[in-house]
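Some notes on the structure that comes next.
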Amino acid sequence: MRFSQIFLPTLKESPSDAEVISHKLMTRAGMIRKVAAGIYNYLPLGLKVIRKVENIVREEMNRAGAQEVFMPMVIPSELWQESGRWNAYGKELLRIKDRHERDFCLGPTHEEVITDMVRREVRSYRELPRNLYQIQTKFRDEIRPRFGLMRGREFIMKDAYSFHATEEDAEREYQNMYDTYCRIFERCGLKFRAVEAETGAIGGKFSHEFMVLADTGEDAIASCNKCNYAANVEKAEIKIQGSGVRGLPPQALNGGQKPAPAGFKQGSEEKPLEKVSTPGMKSVEEVSGFLRTTPQKLIKTLIYHSDKGVVAALVRGDYEINESKLKKLLDAEWLNLADEETVRRTTNAPSGFAGPVGLNITMFADYSIQAVINGVTGANEADAHLINVNLNRDFKIDGFGDLRMVVSGDSCPRCADGNLEIFRGIEVGHVFKLGTKYSEAMNATFLNEKGQERPMIMGCYGIGIGRIAAASIEQNHDENGIIWPIPLAPFQAHLIPINVNDKATMDAAETVSKNLTDAGLDVLMDDRDERAGIKFNDADLIGIPVRLTIGSKTLKEGSVELKMRKSPEINLIKLDKVVEKISAIMRPAR
Ligand code: ATP
Ligand code: MG
C-alpha cells in the first residue's frame, strides 16, 4: 500500500475531548473519527488493527471448540420481557419502535437471543454442551462515553455463551474459556491479570475479569504482593480472622487493618457522650479538622435506599463503604445513596449530620467501627456532632460485615503474610458462570439421562475488541506515537524512500516492497514527495514495528537503514538480506 493512496489522515493536534493517550493517538494516527459521542468511524488503519484483534480472538475461540454465529443487533422486546431485563436494565438499553409501534432494543449483550435460539433446537443432554460466539456490534447508551474506543456507546464485542447439562461441565468450560482468554491476551502482546470480579447486572455465580494494567484504567485492582490473589476492588475482601461468627469475630476488631491510632485501643475508658456544635462541617476532613481529631475516630453513617427499604451503613471515617458488599449483605436487587429528602425524613437533619445514636432504621456496619472507642458521629441534627460515642452503650447494630473498600497495605485475605497493593486496570474481557438465571427465566430446558426436564446451565464470555486496540496503545507508546506490538500492527514494515524524485531510490524501494509483499508481509510505502522529517514523524505516529529507510547514500553501498519502532538503534542491512531479516523479526508472531 502506498501512503499517497491510503486514506490515512494524520493530525498534529489531538482532539480537545481526548483525555487518554490511546484516544489522542488513534485520532492523530488517522485510525478513527468521531461521528457522535461514543460512536466512531473506523478508517482503514484502524480497521486493520481491529481485524487483527478479531482474527486472534476467532482463531483461539475456534481452537477452544466454540462455534461462530451471528445474531441481530435489533432485538424484539418480548425476549427481554421474558428474562425480566426489559425493566431491570435501565437507560443503557436503547429502546426503539418500528413502524408498527412494536418495541425493540439495540443489543447491549445477547443472553436473551442466544437462549431463545438454543431452547428452540436443543432437546436432550446428548446435544450438550454447546459454546456459540459472535463478533458483533453492541450498543450501550453509556452515561459517560469517553476515551475513544475504550468506552464507546457503539462498540465491537466478542460474546460467547455456553450451555451445559451439569454444573461440572459448565465449570470445565469456564476453565477452558479462562485459559483461552489468557492465550488471546498473550498473543495480543498485552500485560494483563485475571482478577476475581463481581457479576454485576448479568448476575451469576463466579466470574473473572481480565485487566490490562494501565494507569489510565477505569478499574482498580487489589493484588497481593505475596500470593496470586487479585480481585477487582469492588469484590476484594478484607482479612477476617478468628471465630467467623457474624457480629463479633474478636480478632476482626482490627483484623487485617491499619493499626488503630493511639487512644482507640480496646479497653480505653469510655467517656460520657456529648453533643458539640459543628457549623457547616459535613465531610470527614472538615469534622476531624474542626474537632482536632483523626478520621479514624469518626464513624461515617450513610443512608441508603434499596428494594429492602432505607438502611444505614456505618464505616470508620478513613474508609469508604463498598456498595457491592452492602448490596450482597442486604441481598438487595438495587441500592442507591438516599436522596436529600429521604435523608432529612430519616435523620431529621440535612445530609452530612447522620449518626447511629437514636436512629430508628436498620443499621449495618463494617467491622472497622468495632475498634472505635469514644468516637465521633453526626447528631441527626443540623450543624451538630456527638463525641465519645461508643458501640453497644450508645447504639446497637443489626448486622456486621466486611462492608468497606480495601486500601493499599491491607492484609491479604488468602495468604498468611501478604499485603494488598492497588493497581489501575482496563477490563478487556470477562468470563461468567451464569448458572440457570436465563434458562429458568426463559424456560430453556433439556431432558437429562433419566428423561427429566432440567434448565440448561450457562456461561457467558465477553471480550471488547476495540478496547483491546486502545488498551494496547495505553501500554505501547512514547511521546512520538504508537509502538504496535507485531501481532496487532496494521502493517508490518514501513518503507521510506527519502527522495522520491531519485530514480535509483524509487527503483530500490519498489523492489524491496515487492519482495516483502511476495514474502507475505504487509508493507506501507511512503511515496509522498515530502521532507524526510515529515515522513519520519508520521512513521513514529502510526507506529509500524519495522521502518526501512532508503537513501541514495546508503544505496550506493547496496544497503538500507533498518530501525525498529521500539528502539532508537539504526542498522544498515544489505538489500538482498532485507526479506530474510524482516521475516525473521516477524516470525514469532505469525
Ligand atoms: P465496564 O465495567 O467497563 O462497563 P462491563 O462489565 O459492562 O464493562 P461486559 O458486559 O462484561 O462489560 O462486556 C464484555 C466486554 O466488553 C468488557 O470486558 C469490555 O472489554 C467490553 N466493553 C464493555 N463496555 C464497553 C464499552 N462501553 N466500550 C467498549 N468496550 C466495552
Ligand atoms: Mg458496563
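A few remarks follow.
- Inclusion of GLU198 among residues that are within 16 Å of ligand 2 (Cβ to nearest atom), out of contact with any strand residue (DSSP E or B) (no Cβ under 7 Å at 6 or more places or on another chain), modelled with pLDDT under 95 and not β-branched (Val, Ile, Thr) is not warranted.
- Top-ranked residue in the range 91-110 [being part of a loop (DSSP other than H, G, I, E, B) and more than 16 Å from ligand 1 (Cβ to nearest atom); ranked as nearest to LYS138 (Cα to Cα)]: ASP98
- For TYR133: the one exception among (1) within 16 Å of ligand 2 (Cβ to nearest atom); (2) among the aromatic types (Phe, Trp, Tyr); (3) within 27 Å of PHE446 (Cβ to Cβ): (1)
- The condition (being more than 37 Å from the chain's Cα centre (by Cα) and surrounded by 24 or more Cβ atoms within 10 Å (Cβ to Cβ)) is satisfied by just one residue among ILE482, ILE496, ILE463: ILE496.
- Selection count where residues are modelled with pLDDT of 95 or more, of a type outside the set (D, E, K, R) and either farther than 25 Å from PRO487 by Cα or touching a Lys or Arg at 6+ places or on another chain (Cβ under 9 Å) (or both), scope the range 1-45: 18
- Between ASP179, ASP215, the distinction of being modelled with pLDDT of 95 or more, loosely packed, with under 15 Cβ neighbours inside 10 Å and out of contact with any Cys (no Cβ under 6 Å at 6 or more places or on another chain) belongs to ASP179 only.
- The set of residues from the range 24-47 being surrounded by fewer than 19 Cβ atoms within 10 Å (Cβ to Cβ) and assigned to a helix (DSSP H, G or I) comprises PRO44, LEU47.
- Among the residues making up the range 8-23, those that are in contact with a Gly (Cβ under 8 Å, 6 or more places away or on another chain) and either farther than 23 Å from ASP141 by Cβ or outside any helix (DSSP H, G or I) (or both) are LEU8, PRO9, THR10, LEU11, ALA18, VAL20.
- Considering the range 403-426, and only residues there that are buried (at least 22 other Cβ atoms within 10 Å of the Cβ) and assigned to a strand (DSSP E or B), the residue that is nearest to ligand 2 (Cβ to nearest atom) turns out to be ILE426.
- Between GLN5, GLN81, the distinction of being farther than 24 Å from ILE473 by Cα, over 24 Å from the mean Cα position of the chain (by Cα) and assigned to a helix (DSSP H, G or I) belongs to GLN81 only.
- Residue check for GLY280: part of a helix (DSSP H, G or I) and either without any contact (Cβ under 8 Å) to a residue 12 or more places away in the chain or within 16 Å of PRO350 (Cα to Cα) (or both): no
The values are calculated or read from the model by the stated rules, or taken from the named source; none is laboratory data. All values reported here derive from a predicted model rather than from experimental measurement. Glycine also receives a Cβ, built like all others from the backbone with ideal geometry; neighbour counts cover every protein chain displayed.
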